[in-house]
Amino acid sequence: MRRLARHLVFFESPHVLDEQERRLIVDDIAERRRGEGRYASPPWMTVSQALSELDAMDGRLSDVLKGEFRAL
């Protein structure tokens with residue numbers, strides 16, 4: 001619940017958090033999206049898993065779109 005509360009504060013009023021706390025939250029969100037760290041085997045689909053699945057389905061994504069997803 002505390003983690004959720006910190007994330008809510010981060011999204012609604014990030015200026016009330018100190019720089020270190022904001023950086024921790026940004027890093028946590030990035031790890032979740034990429035499926036790294038403690039999120040290495042998440043029950044949800046990560047961006048890299050989605051790209052792999054699209055490649056397996058022979059999806060035709062443009063190189064620009066693939067680059068944008070990988071930047072996340």
*Over the C-alpha atoms of the range 1-62, what are the Rg and the largest Cα-to-Cα span, Dmax, in Å?*
15.3, 46
*Could I have the simple spin-label model distance between Ser13 and Ser41, label points 7 Å from Cα toward Cβ, reported in nm to one decimal?*
4.1 nm
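Rule-based calculations on the coordinates, nothing more; no lab input. No experiment lies behind these values; they were computed from the predicted model shown. Note: ideal-geometry Cβ built from the backbone for every residue, glycine included; neighbour counts use all protein chains shown.
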